Every structure is written in structure tokens, then in C-alpha cells.
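Please read the structure below before turning to the comments.
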Amino acid sequence: MSHSQSSPEGAQQPALAYEAGTLLEPLTVTDLTVDGGAVARHQGHVVFLDAGLPGEVLSARVVKRTRRVVHAQRERSLHPSPHAVDPWCPHAADCGACSWQHLSPEAALAWKQKHVRETLARIGKVVEPDVSPLVPSPRDRGYRNKMSFAFAPGETPDRKTLLGLRRFREQSVVEVTDCGLQTPEVMRMLAGARQLVNKLGLEAWQGRGAGYLRFLVVHMPMFEPMGKKQIVVECITGDDHRRIGAVREDGRGDGDKKPLSNADKVRELGQALMKDFGLTGFVHSERRHPADLAQGERRVFLAGSGKYQERFGHLVLTVPHNAFLQTNTDLAALLYAGVAEEAGLTGREVLWDLYSGVGGMALYLAERVKEAHGFEIQAEAVAAARKNSERLGHAHCHFHHGALSPSLLAAVPRPDVIIADPPRAGIDEPVLKLLLTTPARRLVYVSCDPGTQARDIARLAPAWKVLRGRPYDMFPYTPHVETLVILDRITG
């Protein structure tokens, strides 16, 4: 991104040491960052702000200064941005889920396109990259088929455990009661879960062996098989399952009855949610790793089904609760269609789908290829992909479990076209080396992080040239963007 503009007001001010707490004003926001922050200049210094909108004039206090830049926290707006709009969510001032809700949708789409283009040029070393305008999300409210809500310690005796969404750049939780990204059914279920965990005396995980509840992950796909809604909820906890927690408010669990353990109480929570809110499945998962990720490591308890179905265009997939799936169903269908359009398939190709998950892209393209091979490291996702392929009658689609290695690839036909949709961290080193030597003629690279995608593209430059980028607004009201980059092998 460019930081070439400077504030004319700043040039007239005396030199500052930029010590923590120093007030800077006026600052004019000239740029936005890919993580939801903003950029201004003060006396020739680049100032990174935690928030701000393009064209907004504001004041901010210095948090810290490094050798090259100043970091400051926005304090108040002195003159609004021409792109500012009124937020529609009652939690917009506190919740960090929609950090661009106060930026007009038109401006947000333009800035995301700008970020993709500049990132490909600056990090990917692509000369004048061809990046199309963003494909907008068909719906900007209620578009998510999955959301992860976090537990946190409360501050009052009657509210010992909070459940909601994290504040922007913080670990504290906002107890959202009306989230436009989800359905009213999910909000009612969340309110019920909030009451139940406090009634049961369940405490939030605090790390280092303290507390228990970590996340409540809700899957509510758009697809309704035979007209029936699907809701699968996963409660992720720590591993202190046997500890006897606080006695419930109604008094049960003491006296003549044995007090309930943490695991017993989560089982009661799941059974109550199943009964009261029509869940199709409830999963209790354990996560021992301290990293703050809503990803269970071991199943403790299952009621109902731990799977659900989702439709992407003509394709219906069965998905385990712990497998990756695009969270914006409608836009994901458009993304799949874009991959199909850009893959250049004639029906004679061997397709490789790297990081294939439950088989979505390979199975979406199954009728356009001679043979498809998906590669995935998560065993549950591979099992689901194989079952999806069998159910759809695609005997020419094969899914392989494990990291790519010479032994794994020895029996697999060489690819003509490759699709790669890696995690946010980007393509693994062994896969990058493979892509540099593969005979495939086309690579379609899908990513939710333009920075790591551009980094990988720069590494692939000796063997691949970028044709174009096609960004998709997978996450409205946030700075995040999903990008499809099409590359052709360099020949001769």
C-alpha cells in the first residue's frame, strides 16, 4: 500500500519525540490496512492507527514508536470520512466481528480490490497486476453458516461466565444479543446457552489449568434437506473434565445427589439445547493446546449427528463439524463457479486439488475432468470426501490422506491443472517445491489472505506467471477478502 501522502497540517508542527501518550492532531487518514487499521502521516512520519476511515480527520494518542513508524490509538473524530455510514448493529461500537461496518459497502469493495492489487505488486512482485472488481456477496446479512462464539470470565456473582464475540483486537467478550451475521434462531439458542452455563456453574477457561469452557461453535447451513433446518453445535472445553464445579443455582447437585463434574454439566447443556432449540447435533470437544483457536482436538461426547449438509450450486456436501467449509454459502457457490471458469477444463484433464478438505472443489468440477485427485491432511475430511464422492457416483475422483510426498504421489497420474486452497498461513514448503517442478499447465490459487498468497506467488515466479486476480467479498463488513489468482506455467 502507498504511504506517499503527508498531512500539510503536520508539517507546520514542532518536532515531537512521539513518546507514549503524546496527542497527535489533526491526522488525516490516507490509507487502510488489511487487518482493519488505518494509516496517516504526521511530520513526515508514518502513523499506524488502530481504527479510522479514508479521508477522516482525527486525533490519536501514541502507543509506541519503532524506528520507522509510530503506532497510535484513535481518540476522536474531528471531521468525518466522506465514506462513513451509520452502523446497523447495536453492538457495532464494541464487537470486533464487523470492523468495517461504519464504512460504506461501495468504498469497502473498492478498498479490498486496492489491497489485493497492491499486495500482489508489492509482495508478489507482479508488474501491474490485473485485478477485477470484487464479486459482492449475494447477501450481507445472515450470510454465515458457521460462527465461533467465545466464553470469558464474568465480573459479577450472578454472571460468572460470558458468551459472545470478541472485541476488536481484544480477548474480552461482548455478549451479543442481536447479530446480523446470524439467524434469529441462533441468537435465541445463544441466549439460552448463556443462561444454562451460568445455571450449571460452568466457568470460562482462563489458561494454565484454570476454568473450562472455551468456545461454542454453531453450524447452521443454508441447505434444508427435506425442508428441515440443521443446527450442529460444538462446545470446546479444556481437559479438566472431572473437576466438580460450582453448585447450580437451583440447588440440585448437592445434598443427597452427587455433584456433577464439568463433563457431566456440558452433557446436560447439550441435552437441554437439543430439546429446547431443535439442534440436530451437539458435540463436546476437548482442546488442550493453549492457542486461542476454536478447534477441538478430541471428542468427549456426541448427541445426535456431528455432521450436516450444505449446497453449493449443483453440489450437496456432507460435512463433519470439525472440517473446513467456506462460511459464506452463497458466495462460495460463486467462487466454485469462478474456479470452474478459470480452470480451462475440457474433460480430458487430470486435476489435482491440494488442501481438498471434504472434496468441494474437486467434486464441483468432477463432470469436467477425466480424473481428479484430492490431497488433505485431516483424516475426517478425507473420509467425508470419499463418502461424498461415492454418494455422487464419481468413481474417477480419488482422495488421499497425508502430506504430499514422493511415496504418496508415486501412484498418482501427473496433473494437467492444479487447484490450491491452503489455510491462511499459505502453501507448505514441500508443496511449493512440488509446484515449481510439476508439469501442470495451470494453477488456480484460492486464498483468504492476500499477503501469504502474494508471498507464495513470488516464490513460484520462476515457473509460473500470474494472469489475473479475481477477489470475492466472502466476509462483508470486514477487511478480509477471498482471492482467486490464476497462473499459467512458463514454457520455453
For this session: Compute the distribution of all C-alpha to C-alpha distances in the chain, in bins of 10 Å from 0, and list the percent of pairs in each, rounded to whole numbers.
Result: 4, 17, 25, 25, 19, 9, 2, 0, 0
Problem set entry | For q = 0.19, 0.27, 0.29 Å⁻¹, Debye-computed log10 I/I(0) when each Cα of the stretch 23-82 counts as one equal scatterer | -0.55, -1.13, -1.30
Exercise. In deg cm²/dmol, rounded to 500, what helix-only [θ] at 222 nm does the chain give when every DSSP H run of at least 4 residues adds -39500 (n - 2.57) and the total is split over its residues?
Worked result: -7000 deg cm²/dmol
For this session: Just grab the label-to-label distance for GLU75 and GLU128, each label 7 Å out from Cα along the Cβ direction, in nm (one decimal).
Result: 4.5
Exercise. What list of ³J(HN,Hα) couplings, whole Hz, do you get for the stretch 23-37 from phi and the Karplus terms 6.51, -1.76, 1.60, once you set θ to phi - 60° and write x for glycine and proline?
Worked result: 7, 10, 6, x, 10, 10, 5, 10, 8, 10, 9, 6, 9, x, x
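When ligands, DNA and RNA are left out and all protein chains stay put, how many square angstrom of accessible area per residue does the chain have with a 1.4 Å probe?
Values: 22290 Å² over 492 residues.
Result: 45 Å² of accessible area for each residue.
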For this session: Please list, in chain and number order, the residues 5+ apart from LEU467 or on another chain whose amide H is under 5 Å from its amide H, with Hs placed from the backbone.
Result: ILE486, LEU487, ASP488
For this session: Any chance you could run the full-extension gain for SER405 through SER59? It's 0.36 nm times the residue separation minus the Cα-Cα distance, nm to one decimal.
Result: 119.2 nm
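How much length, in nm to one decimal, is gained on full extension between MET226 and GLN271, taken as 0.36 nm per residue of separation minus their Cα-Cα distance?
Numbers: separation 45, 0.36 × 45 = 16.20 nm, distance 2.41 nm.
Separation in residues times 0.36 nm, less the Cα-Cα distance, equals 13.8 nm.
For an R0 of 22 angstrom, estimate the FRET efficiency from the Cβ-Cβ distance between THR156 and THR177 and round to the nearest 0.05.
The computed FRET efficiency comes out at 0.80.
Where Rh is the Kirkwood radius over the Cα pairs of the stretch 266-396, the temperature 25 °C and the viscosity 0.890 mPa s, what D in µm²/s does Stokes-Einstein return?
Values: Rh = 16.4 Å.
The estimated diffusion coefficient comes to 150 µm²/s.
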Exercise. Rounded to the nearest 20 Debye, what is the dipole magnitude of the stretch 32-124 about its Cα centre when Lys and Arg each give +1 and Asp and Glu each give -1 at the C-beta?
Worked result: 600
Exercise. What is the Å³ per residue value for the convex hull set by the Cα atoms of the stretch 451-492?
Worked result: 52
Seminar exercise, completed: Rounded to two decimals, the Debye log10 I(q)/I(0) of the stretch 170-214 (Cα scatterers, no solvent) at q = 0.14, 0.19, 0.26, 0.33 Å⁻¹ is -0.43, -0.73, -1.01, -1.12
For this session: Just name one of PHE151, GLY44, PRO136: the one whose Cα is farthest towards the positive end of the charge dipole of the chain (beta-carbon charges, Lys/Arg +1, Asp/Glu -1).
Result: PHE151
Problem set entry | Cα principal axis extents for the stretch 356-492, largest first, Å | 44, 36, 26
Problem set entry | Accessible area (Å², 1.4 Å probe, nearest 10) - ASP239 | 80
Exercise. In whole Hz, what ³J(HN,Hα) sequence does the stretch 461-476 give by Karplus (6.51, -1.76, 1.60; θ = phi - 60°), x for Gly and Pro?
Worked result: 3, x, 10, 10, 10, 7, 8, 5, x, 10, x, 10, 8, 5, 10, x
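Considering only protein heavy atoms and a probe of 1.4 Å, how much of the accessible area of the chain is carbon and sulfur, as a whole percent?
Numbers: 11530 of 22290 Å².
Exposed carbon and sulfur together represent 52 percent of the surface.
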Exercise. Quick one: Debye curve from the C-alpha atoms of the stretch 27-148, no solvent, what's log10 I(q)/I(0) at q = 0.12, 0.23 Å⁻¹?
Worked result: -0.53, -1.38
Problem set entry | Extension gain (nm, one decimal) between ARG348 and LEU467, 0.36 nm per residue minus Cα-Cα | 40.6 nm
Exercise. From the cross-link list LYS199/LYS229; LYS64/LYS112; LYS146/LYS229; LYS370/LYS465; LYS265/LYS307; LYS228/LYS307, which pairs have alpha carbons spaced over 20 Å apart?
Worked result: LYS199/LYS229; LYS64/LYS112; LYS370/LYS465; LYS265/LYS307
For this session: Please list the non-local residues whose amide H lies under 5 Å from the amide H of PHE475, H modeled 1.01 Å from N, same-chain partners needing a gap of 5 or more.
Result: GLU482
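Give me the net charge of ALA372's neighbourhood, meaning all other residues with Cβ under 15 Å from the Cβ of ALA372; Lys, Arg count +1, Asp, Glu -1. Could the numbers behind the result be given before it?
Numbers: positive: ARG348, ARG368, LYS370, ARG386, ARG414, ARG442; negative: GLU349, ASP353, GLU367, GLU371, GLU376, GLU390, ASP416, ASP421.
Net of charged neighbours comes to -2.
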Seminar exercise, completed: The set of residues whose placed amide H lies less than 5 Å from the amide H of GLU75, leaving out same-chain residues fewer than 5 positions away, is SER59, ALA60, ARG61
Seminar exercise, completed: Nearest-0.05 FRET efficiency for ALA84 and GLU297 at R0 = 51 Å, using Cβ-Cβ distance, is 0.75
Problem set entry | Spin-label proximity, ARG242 to the stretch 275-292 - amide N less than 20 Å from point 7 Å beyond Cα toward beta carbon | 285-289
Problem set entry | Integer Hz, Karplus 6.51/-1.76/1.60 couplings in order for the stretch 61-69, x for Gly and Pro | 10, 5, 9, 7, 10, 9, 4, 10, 9
Problem set entry | Separation of the ARG167 and LEU436 label points, Cα + 7 Å toward Cβ, nm | 4.6
Exercise. If you add up the charges near ASP488, with Lys and Arg at +1 and Asp and Glu at -1, over every other residue whose beta carbon is less than 10 angstrom from its beta carbon, what do you get?
Worked result: +4
Exercise. What does the stretch 397-469 give for Rg and for Dmax, in Å, if only its C-alpha atoms count?
Worked result: 12.4, 34
Seminar exercise, completed: Neighbours of GLY402 by Cβ distance under 15 Å: Lys/Arg at +1, Asp/Glu at -1, summed charge -3
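The values are calculated or read from the model by the stated rules, or taken from the named source; none is laboratory data. Because the structure is predicted, anything quoted here is derived from the model rather than measured. Every residue, glycine as well, gets a Cβ built from its backbone with ideal geometry; the counts of neighbours run over all protein chains shown. Calculation scope for accessible area: heavy atoms of the full protein, side chains included, ligands and nucleic acids excluded. Shrake-Rupley method; radii C 1.70, N 1.55, O 1.52, S 1.80 Å.
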